[in-house]
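Q: I am attaching a structure below and will ask some questions about it afterwards.
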Protein chains: 2
Amino acid sequence: MAEPKNAPEAPPVRFETHPDHYRHWRLSFPPEHGGAVAKLLMDVQEDGGLRPGYPLKLNSYDLGVDIELADAIQRLRFEHPEVKALVVGSAKDRIFCSGANIYMLGSSTHAFKVNFCKFTNETRLYLEDMSAESGIHSLCALAGTSSGGGYELALACDEILLSDDGSSAVSLPECPLLGVLPGTGGLTRVVDKRKVRRDLADAFCTLAEGVRGKRAVEWGLVDETVPRAKFEEGVKRRTDALVARSARKKFTPMVLKPLEAKRSPMGTEYRYVTLALDEKARTATITVRAPDSAQPDSPEKLAAAGDAAWCVRAFRELDDALLDLRFNHLGIGTVALKTTGDAKAVLAADEMLAKYKDDGLVHEVRLFIRRVLKRLDVTAKTFFAIAEPGSCFAGTLLELALAADRVYMKDEDGVVMQVSAMNGGAYPMGNGLSRLQSRFLKEPARVEQVLALATGRPIDTQTAAKLGLTTFTPDDIDWDDEIRIAFEERASHSPDAMTGMEASLRFAGPETLETKIFGRLSAWQNWIFQRPNAVGERGALTLYGKPERPEFDWRRT
Amino acid sequence: MAEPKNAPEAPPVRFETHPDHYRHWRLSFPPEHGGAVAKLLMDVQEDGGLRPGYPLKLNSYDLGVDIELADAIQRLRFEHPEVKALVVGSAKDRIFCSGANIYMLGSSTHAFKVNFCKFTNETRLYLEDMSAESGIHSLCALAGTSSGGGYELALACDEILLSDDGSSAVSLPECPLLGVLPGTGGLTRVVDKRKVRRDLADAFCTLAEGVRGKRAVEWGLVDETVPRAKFEEGVKRRTDALVARSARKKFTPMVLKPLEAKRSPMGTEYRYVTLALDEKARTATITVRAPDSAQPDSPEKLAAAGDAAWCVRAFRELDDALLDLRFNHLGIGTVALKTTGDAKAVLAADEMLAKYKDDGLVHEVRLFIRRVLKRLDVTAKTFFAIAEPGSCFAGTLLELALAADRVYMKDEDGVVMQVSAMNGGAYPMGNGLSRLQSRFLKEPARVEQVLALATGRPIDTQTAAKLGLTTFTPDDIDWDDEIRIAFEERASHSPDAMTGMEASLRFAGPETLETKIFGRLSAWQNWIFQRPNAVGERGALTLYGKPERPEFDWRRT
């Protein structure tokens, strides 16, 4: 099973974009809805692929298309507080979206496939989060075929309206045609979100041509079908209803400006974040700095500060650094999480986020930080938090330590952690629990005990250890050696074993749609992405579109 | 990645055994507890491997060792109603168990590894089920090292007592030493059952030498340590306490006699079950026959009938057929589930099982049927239930249809299904829901509607279709073609895609420790079992015990 060698030489993937630069989506705000509705039409440019070699026919997508989608969702939340509903549709005739581009997938390395699927999964979850948390409800307007990842995108919308025209259909043909799974949430959302009966789901997922019209409604695959002539009317009716039930709050738009990161082979310098790479040691260090100037202490001042506010800027930078590590620094397996600066400044920013949580803009900032922290949770690299003199694991930044696989805290005077109200559930993990709750599953009372310290009183190393906030607390004599050895040892282990281990240990407790997608579904998909039946020379994914038929190893257990 | 070719030519694996034939375990009932305690000591015979080529040193185990363990657990439940606690220990000095034999794993095909892990997972879940449902609580007495699968076995016990002697330790060295996961429930049970803090679990799972003494208690890895000199005393103290809190019910022992299956290359004939193989078409048919003679209608008569009673015999046979399909007929991917005989006889048997559910023996029979049905749920082959003239999908046998991926029911007079009280929650799936609840997640009221029909009134095809109990209902004109095409199509799909798809669609709704083990953990382990970093020529599993060091592809995402 030779791995295609295209990725390593490819230019790095960058995740910043802007509607002015979209090549594949048309974002508009139809005047008939008075600005309350955003319309996002897919119009993929065939020759606009992120990498050469695969024309993006029939509104099929690659990572570049999804980066724009993620950007659009993000900007709707921050820059368009007037929007209460989103219509996702297609600008092409008779086709909504034919899913992830197969030739792109077939020519990608295993690591790229895994990364691509994870990012697209995150984007679809953000679409759902936007509805559940921000009140921007979504309708997928399907006038045309919607197959594979196309239908998976529809599944991530609140409602699906299908044109009943004899040809518009929904399908998940991955299993029968490609020998892989509808792994961008498809299988999970069909039975867990739409609660399609398992046997109908089984039939549907093996029916390459998909399901149309009334049957699609009966099986629960779409919410309604309307004749083509009445389609626009149906879209309007449903969109109006979505707007009507939106509880979105008004606020002053916050424009997300470019990050202007300074990148070099040694890493990236952002305003509040530094990513330092040691490719040889296969380690990196992410340092997040506390605010170094006065931060807004009210929603009005936050709006005035715009995206320069620390609470937005620092986490946009962290988000970018995490994606950069995932896609462009595959060799790096272990990441030190550090913080530096004045903990009081972090706690002051937290106070504003806690006090004004009912403000629309503050709400969006909190939700954004929560998403970035979740991105950290599902990044398949080891994170060790390092608390040393000068660090400021306080409040929102304490979440970085709680998200880490281990916490090393130096046993030295002046090294402290601090709790704020923001550790009390503002940033739940994918499993629905706060990081403190996930940490203390065995002793739920410990959560309250720790939160009771949210009085600004610094927690020294000995106390933090007693509370269970640290993993190891070497003193000055042992510190350097212990940290060095910890990173060397970690970096020596099988990266796959670490990935599987972390994916199991990080998500104890309840499972949700989200954790099922990243756990059960992604793990099976990754397995299949390794199997000769899919990616071998005679595998179904490899041979898609070629005259030869795949040859399978038939063994099942 | 060349697959070792040992398995196909190997003799078939058989799962029937008896304490008289155990080679690796010593089962005793120490007189000092008056029969209330069973003692199961591991004493693996080095040269007793199921296959040649790997000495079972240091109480390491292969499938043969685990088949005996599964048998012991089963017999304790049926044959020893006086037993209220089980002590699991080792007959060897200074070693409890060193886990699954690495050379066995390293020389096994991927399919065998997957099958082996699934069976051992089931056995450990049965150990937990025995405690939770039958009141036989278990103590693992660890005087010696317990590594990998050894500690995973300990984790499946209710309590773990560790000898504090400077050398006895628990460890999960799979990740650091072998580049694979502690996949027999280890990772899941550490954080989800014992609720070990995630960062401590991370440290523990990368510490090849493991953890001893007080630290093992502090981290929550064991319940108590006692000095070697006081170990036996500690075991007795804890065992007495387990006996004291047992609510096990008295009943007449039921001896499980050999099944005396008639096996041929065409399949297997049992008393109530027929397994018919079509290796060329890669399909099989399992037919379960209704009772053809009067069945016990009271616990007393059940005890008198012994294991010849249909409700025990038929499901022991089905269990054997499923394991035979899994291990010995890898090429078969699609299985027809059929029933035949008098539905009234099934319903009569169900009536006894429902009416006397508080009886100890009836309780065990119900629990056993539930385990066999769960074995069906996690078998990685497609199941299509076929209801045709003469079939009797009634009550307990209706569960076979509800467990199937699809239900084909012929639209013809006289073809009926029937519901009994046993469909109302007697046989929950691993997700904790009944099969009817799992089926009707979208319309929970439908469950009650179907159960209300449990009056012995037959449900014809049209009604069954309306209720949502069938997937497809071809009439006489289409039946043969449709069934033939369904099997041909299914058998043509990538077996891996079908496995991943079914694993996702079968388990909608809540997740439990059990579903997390078979979903999240097993899927990641199976991924790793495909990865060159583990099983390639320079992979960690392949090179274990050899002087060379593994070479890893370091990419992480």
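Q: Can you work out which of the residues in the stretch B:538-557 that are touching a residue at least 60 places away in the same chain (Cβ under 8 Å) and over 30 Å from the mean Cα position of the chain (by Cα) is surrounded by the fewest Cβ atoms within 10 Å (Cβ to Cβ)?
A: Across the stretch B:538-557, the extreme among qualifying residues is B:G545.
Q: Looking at the stretch A:143-158 only, could you name the residues that are hydrophobic (A, V, I, L, M, F, W, C) and touching a helix residue (DSSP H, G or I) at 6+ places or on another chain (Cβ under 8 Å)?
A: Going residue by residue through the stretch A:143-158, those that are hydrophobic (A, V, I, L, M, F, W, C) are A:143, A:153-157.
Matches in the stretch A:143-158: A:A143, A:L153, A:L155, A:A156, A:C157.
Q: Take the residues in the stretch A:243-262 that are surrounded by 15 or more Cβ atoms within 10 Å (Cβ to Cβ) and farther than 21 Å from A:V362 by Cα, then tell me which one is farthest from the other protein chains (Cβ to nearest Cβ).
A: The residue in question is A:V243.
Residue by residue, here is whether (1) more than 21 Å from B:T470 (Cβ to Cβ); (2) open to solvent by 50 Å² or more (accessible area, probe 1.4 Å); (3) in contact (Cβ under 8 Å) with a residue 12 or more places away in the chain holds:
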{"residue": "A:C205", "(1), (2), (3)": "no, no, yes"}
{"residue": "A:E209", "(1), (2), (3)": "yes, yes, yes"}
{"residue": "A:P227", "(1), (2), (3)": "yes, yes, yes"}
{"residue": "A:A241", "(1), (2), (3)": "yes, yes, no"}
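Q: What single numbered condition from (1) within 26 Å of B:A404 (Cβ to Cβ); (2) part of a helix (DSSP H, G or I); (3) open to solvent by less than 10 Å² (accessible area, probe 1.4 Å) fails to hold for B:I286?
A: (2)
Q: Residues being more than 14 Å from chain B (Cβ to nearest Cβ) and either surrounded by fewer than 22 Cβ atoms within 10 Å (Cβ to Cβ) or in contact with a Pro (Cβ under 9 Å, 6 or more places away or on another chain) (or both): count how many of those fall in the stretch A:108-125.
A: 2
Q: Let me ask something additional. Limited to the stretch A:293-303, what total is found for residues that are within 11 Å of A:L361 (Cβ to Cβ), part of a loop (DSSP other than H, G, I, E, B) and in contact with a Cys (Cβ under 9 Å, 6 or more places away or on another chain)?
A: 1
Q: Only one of (1) more than 7 Å from chain B (Cβ to nearest Cβ); (2) free of Cβ contacts under 8 Å to residues at least 40 places away in the same chain; (3) crowded, with 24+ Cβ neighbours inside 10 Å is not met by A:W527, so which one is it?
A: (1)
Q: Which of the following residues is in contact with a helix residue (DSSP H, G or I) (Cβ under 9 Å, 6 or more places away or on another chain), part of a loop (DSSP other than H, G, I, E, B) and crowded, with 24+ Cβ neighbours inside 10 Å: A:V190, A:V180?
A: Answer to the selection: A:V180.
Q: Oh, and also: Take the stretch A:499-508 and flag every residue that is at the interface with chain B (Cβ under 7 Å from one of its Cβ atoms) and either in a helix (DSSP H, G or I) or surrounded by fewer than 18 Cβ atoms within 10 Å (Cβ to Cβ) (or both).
A: A:T499, A:G500, A:M501, A:A503, A:S504, A:L505
Q: Does the stretch A:431-443 contain at least one residue that is among the small types (G, A, S), open to solvent by less than 10 Å² (accessible area, probe 1.4 Å), touching a residue at least 24 places away in the same chain (Cβ under 8 Å) and on the phi < 0 side of the Ramachandran plot?
A: no
Q: Identify, please: which residue in the stretch B:509-522 is of a type in the set (V, I, T) and part of a helix (DSSP H, G or I) and is, among those, nearest to the other protein chains (Cβ to nearest Cβ)?
A: Taking the candidates together, the pick is B:T515.
Q: Would you mention how many residues in the stretch A:129-145 are open to solvent by less than 10 Å² (accessible area, probe 1.4 Å), assigned to a strand (DSSP E or B) and in contact (Cβ under 8 Å) with a residue 60 or more places away in the chain?
A: Final tally of qualifying residues: 3.
Q: Within the stretch B:473-498, which residues are at the interface with chain A (Cβ under 8 Å from one of its Cβ atoms) and surrounded by fewer than 19 Cβ atoms within 10 Å (Cβ to Cβ)?
A: Result: B:E489, single match.
Q: Also, quick follow-up: Determine, yes or no, whether B:G425 is on the phi > 0 side of the Ramachandran plot, surrounded by fewer than 21 Cβ atoms within 10 Å (Cβ to Cβ) and either touching a strand residue (DSSP E or B) at 6+ places or on another chain (Cβ under 9 Å) or not β-branched (V, I, T) (or both).
A: yes
Q: Considering the stretch B:530-549 alone, what residues qualify as being basic (K, R) and facing another protein chain (nearest Cβ under 9 Å)?
A: Listed by number, the list holds a single entry, B:R531.
Each row is one residue, and each column tells you yes or no for (1) farther than 25 Å from A:E488 by Cβ; (2) among the charged types (D, E, K, R); (3) within 13 Å of another protein chain (Cβ to nearest Cβ).
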position	(1), (2), (3)
B:A156	yes, no, no
B:E159	yes, yes, no
B:A169	no, no, no
B:C175	no, no, yes
B:V190	no, no, yes
B:V196	no, no, yes
B:A203	no, no, yes
B:T206	no, no, yes
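Q: Can you tell me which residue within the stretch B:455-470, out of those that are open to solvent by 40 Å² or more (accessible area, probe 1.4 Å) and closer than 16 Å to B:L347 by Cβ, is modelled with the lowest pLDDT?
A: Residue satisfying both the conditions and the ranking: B:T455.
Q: Right, here's the next one. When you go through (1) assigned to a helix (DSSP H, G or I); (2) more than 13 Å from chain B (Cβ to nearest Cβ); (3) charged (D, E, K, R) one by one for A:R457, which number turns out not to apply?
A: (1)
Q: Return yes when A:F552 is facing another protein chain (nearest Cβ under 10 Å), of a type in the set (F, W, Y) and in a loop (DSSP other than H, G, I, E, B) and no when it is not.
A: Yes; evaluated as a whole, the condition is true for this residue.
Q: Let me ask something additional. Among the residues of the stretch B:164-177, which ones are buried (at least 24 other Cβ atoms within 10 Å of the Cβ) and either of a type in the set (S, T, Y) or more than 30 Å from B:D553 (Cβ to Cβ) (or both)?
A: Once the filter is applied, which keeps residues that are buried (at least 24 other Cβ atoms within 10 Å of the Cβ) and either of a type in the set (S, T, Y) or more than 30 Å from B:D553 (Cβ to Cβ) (or both), the stretch B:164-177 yields B:S168, B:A169, B:V170, B:S171.
Q: Looking at the stretch A:441-449, is at least one residue under 29 Å from the mean Cα position of the chain (by Cα) and either at the interface with another protein chain (Cβ under 7 Å from one of its Cβ atoms) or outside any helix (DSSP H, G or I) (or both)?
A: Yes, the stretch A:441-449 contains at least one residue that is under 29 Å from the mean Cα position of the chain (by Cα) and either at the interface with another protein chain (Cβ under 7 Å from one of its Cβ atoms) or outside any helix (DSSP H, G or I) (or both).
Q: Taking the stretch B:91-107, which residues are open to solvent by 20 Å² or more (accessible area, probe 1.4 Å) and on the phi > 0 side of the Ramachandran plot?
A: Across the stretch B:91-107, the qualifying residue is only B:R94.
Q: Which of the strands (runs of 3 or more DSSP E) contained wholly in the stretch A:304-422 include at least 1 residues that are open to solvent by 10 Å² or more (accessible area, probe 1.4 Å) and touching a residue at least 40 places away in the same chain (Cβ under 8 Å)?
A: Details: elements: A:334-340, A:382-387, A:406-409, A:416-418.
In the stretch A:304-422, A:334-340, A:406-409, A:416-418 are the strands (runs of 3 or more DSSP E) which contain 1 or more residues that are open to solvent by 10 Å² or more (accessible area, probe 1.4 Å) and touching a residue at least 40 places away in the same chain (Cβ under 8 Å).
The values are calculated or read from the model by the stated rules, or taken from the named source; none is laboratory data. Please read these numbers as outputs of a predicted model, since none were measured by experiment. Note that each Cβ is placed from the backbone with ideal geometry, even for glycine, and that neighbours are counted across all protein chains shown. Heavy atoms of the whole protein, side chains included, go into the accessibility calculation; ligands, DNA and RNA do not. Shrake-Rupley method; radii C 1.70, N 1.55, O 1.52, S 1.80 Å.
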